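Shown next, in structure tokens, is the structure this report addresses.
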């Protein structure tokens, strides 16, 4: 059982690192980033919660656990930073869309006024 849980921790770390690479690619404009990807990473993180609660006990059993849990903590910190950057990009994009929408509304009104003068 210990080997299966350690394997699960390693798989979760690998998934987080893959997720982080995907976020980095999206922030660089080389890939898309969707809400589905965020939802997909939630399950492995949720599965790690009981293991994190047992961290002290697990680390005492094996140095491999300490390494995995330290890596997990670093991955979570990087994920937090990456999601903050995504949030900023999304807010900037939203502001651009709102500005364009306002511009289009002004053009629509101008075109309507111009048609009335014809």
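All of the numbers you see were taken from the coordinates with simple rules; none came from a lab. Because the structure is a prediction, the values reported are computed rather than measured. Counting neighbours? That spans all protein chains shown, and the Cβs are built from the backbone with ideal geometry, glycine included.
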| query | To the nearest 10 degrees, how steeply does helix 2-27 sit against the main Cα axis of the chain, on a 0 to 90 scale? | reply | 20 degrees
| Pairing the Cα long axis of helix 35-53 with the longest principal axis of the chain, what angle in degrees results, from 0 to 90 and rounded to the nearest 10? | 30 degrees
| query | Which value in nm describes the separation of the simple spin-label points at residue 106 and residue 49, placed 7 Å from the Cα toward the beta carbon? | reply | 4.9 nm
| Between [x] 17.4; [y] 16.9; [z] 14.9, which matches Kirkwood radius over Cα pairs in Å calculated for the structure shown? | [x]
| At what distance in nm do the modelled label points of residue 38 and residue 18 sit from each other, each positioned 7 Å from its Cα along Cα→Cβ? | 2.1 nm
| Folded to 0 to 90 degrees: helix 63-117 orientation relative to the chain principal axis, Cα | 10 degrees
